[in-house]
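These notes concern the structure reproduced below.
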């Protein structure tokens, strides 16, 4: 479940859905990424049970699937308001973002992009 919250784009989508139902086109504008990227993340979030949808004509409206998801996101906002600076400044290796971690070493003969 927390992987659903761990990706910045998925988290942005979930946060946008706190304000109510949205269409993909609305989420694309709010999140600032492509339609295919938003759709892929929505499929992931729906598969995890965090997001539900309903057809409306030719469009589909997405919403948070449960009041518990809303509660969790709101509590995360409260917690981050209290400790967010400490988390952002934390240099403990287990708290470093994947992007901040050094790339694993690969053998000299491995092609670029391998490993």
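The values are calculated or read from the model by the stated rules, or taken from the named source; none is laboratory data. What you are looking at is a predicted structure, and each value in this text was computed from that prediction instead of being measured. For neighbour counting, all protein chains shown are included, and Cβ atoms are generated from backbone atoms with ideal geometry for every residue, glycine included.
Within the range 57-76, is there a residue that is under 17 Å from residue 6 (Cβ atoms), assigned to a helix (DSSP H, G or I), out of contact with any strand residue (DSSP E or B) (no Cβ under 9 Å at 6 or more places or on another chain) and at pLDDT below 85?
Checked the range 57-76: at least one residue is under 17 Å from residue 6 (Cβ atoms), assigned to a helix (DSSP H, G or I), out of contact with any strand residue (DSSP E or B) (no Cβ under 9 Å at 6 or more places or on another chain) and at pLDDT below 85.
Quick one: which residue in 7, 26, 19, 53 is free of Cβ contacts under 8 Å to residues at least 60 places away in the same chain and under 10 Å from the mean Cα position of the chain (by Cα)? Spell out how you get there, then give the answer.
On the way: 26 fails: under 10 Å from the mean Cα position of the chain (by Cα); 19 fails: under 10 Å from the mean Cα position of the chain (by Cα); 53 fails: under 10 Å from the mean Cα position of the chain (by Cα).
Only one candidate passes the filter, namely 7.
Sort out which residues of the range 1-28 are farther than 22 Å from residue 76 by Cα and surrounded by 12 or more Cβ atoms within 10 Å (Cβ to Cβ), and write them in order of number.
Restricting attention to the range 1-28, the residues satisfying the condition of being farther than 22 Å from residue 76 by Cα are 23-26, 28.
Hits for the range 1-28 are 23, 24, 26, 28.
Among the residues of the range 77-99, is any under 19 Å from residue 9 (Cα atoms), assigned to a strand (DSSP E or B) and at pLDDT 70 or above?
no
For the range 29-47, enumerate the residues that are surrounded by fewer than 16 Cβ atoms within 10 Å (Cβ to Cβ) and under 19 Å from residue 67 (Cβ atoms).
46
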